[in-house]
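Read through the structure below, which is laid out as structure tokens, and then see the notes.
The values are calculated or read from the model by the stated rules, or taken from the named source; none is laboratory data. This one's a predicted model, so the numbers in the text were calculated from it and none came from an experiment. As a convention, Cβ positions derive from the backbone with ideal geometry for all residues, glycine included, and neighbour counts pool all protein chains shown. Calculation scope for accessible area: heavy atoms of the full protein, side chains included, ligands and nucleic acids excluded. Shrake-Rupley method; radii C 1.70, N 1.55, O 1.52, S 1.80 Å.
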Amino acid sequence: GESVGLHLPTLSVQEGDNSIINCAYSNSASDYFIWYKQESGKGPQFIIDIRSNMDKRQGQRVTVLLNKTVKHLSLQIAATQPGDSAVYFCAENRGDSSYKLIFGSGTRLLVRP
Amino acid sequence: DTEVTQTPKHLVMGMTNKKSLKCEQHMGHRAMYWYKQKAKKPPELMFVYSYEKLSINESVPSRFSPECPNSSLLNLHLHALQPEDSALYLCASSPGLPADPQHFGDGTRLSIL
């Protein structure tokens, strides 16, 4: 399979709690990472990205953490809302000047009311 | 609403038909992509156009023929497709460099009879 994988296929959280979605990658040369959210019947929606010269990047209610030592990427969603229910994909660019993104297998986030 | 527009949203065709999928963006992006996505799977790259030139063909069968008439438009011509080609076909665009965020349309749901 591809090098980018996820530890949990489904994550169920209580509304208002924080969510953490994890992703592992195997190519140490990868230098650019993206998180996408895909709702049913829609295309992947860009959430946040991070380059390999950073460890952390924050957006609105979301934070991406990059640990290059263990080749691990995570997406944290604060105060999870019902509208956050979706499938989340991590993706990496392998730093080879290619336009190709390698996608992880995806994690479904379910938000309980 | 996405800034990458794909038409049609749904398409049903027989194995002997010829049809085309269309994608349009007006963000001034210079790289455009076609992806195929099967149910519960991540998107798989098919083609990349960079500055209107074909940059990547991921060994896609010749029954799929991409075309980039100008920097805003991307077509995917379909001919003699097989039932296993039924999938969601996604178009994406990015500013122009390999490690730029890709922005997706909502796709064309294709069914082959």
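Restricted to the range B:72-109, and to residues there that are within 17 Å of B:Pro43 (Cα to Cα) and more than 14 Å from chain A (Cβ to nearest Cβ), the residue that is most open to solvent (accessible area, probe 1.4 Å) is B:Glu84. The requirement of being free of Cβ contacts under 8 Å to residues at least 24 places away in the same chain, in a strand (DSSP E or B) and not polar (S, T, N, Q) is fulfilled somewhere in the range A:27-49, by at least one residue. Here the range B:3-37 is the region considered, the condition is being touching a strand residue (DSSP E or B) at 6+ places or on another chain (Cβ under 7 Å) and among the β-branched types (Val, Ile, Thr), and the residue that is nearest to B:Ala87 (Cα to Cα) is B:Val12. On the given criteria, is B:Lys40 under 19 Å from A:Gln45 (Cα atoms), open to solvent by 30 Å² or more (accessible area, probe 1.4 Å) and in a loop (DSSP other than H, G, I, E, B)? In short, yes.
For the range A:61-73, state whether one or more residues are within 26 Å of B:Phe47 (Cβ to Cβ), in a strand (DSSP E or B) and touching a residue at least 24 places away in the same chain (Cβ under 8 Å). No, because not a single residue in the range A:61-73 is within 26 Å of B:Phe47 (Cβ to Cβ), in a strand (DSSP E or B) and touching a residue at least 24 places away in the same chain (Cβ under 8 Å). Specify the residue that is nearest to A:Lys42 (Cα to Cα); the eligible residues are those in the range A:55-101 that are over 12 Å from the mean Cα position of the chain (by Cα) and β-branched (Val, Ile, Thr). Selected residue: A:Thr80. Any residue in the range B:63-71 that is surrounded by 13 or more Cβ atoms within 10 Å (Cβ to Cβ) and within 10 Å of another protein chain (Cβ to nearest Cβ)? No, the range B:63-71 has no match at all.
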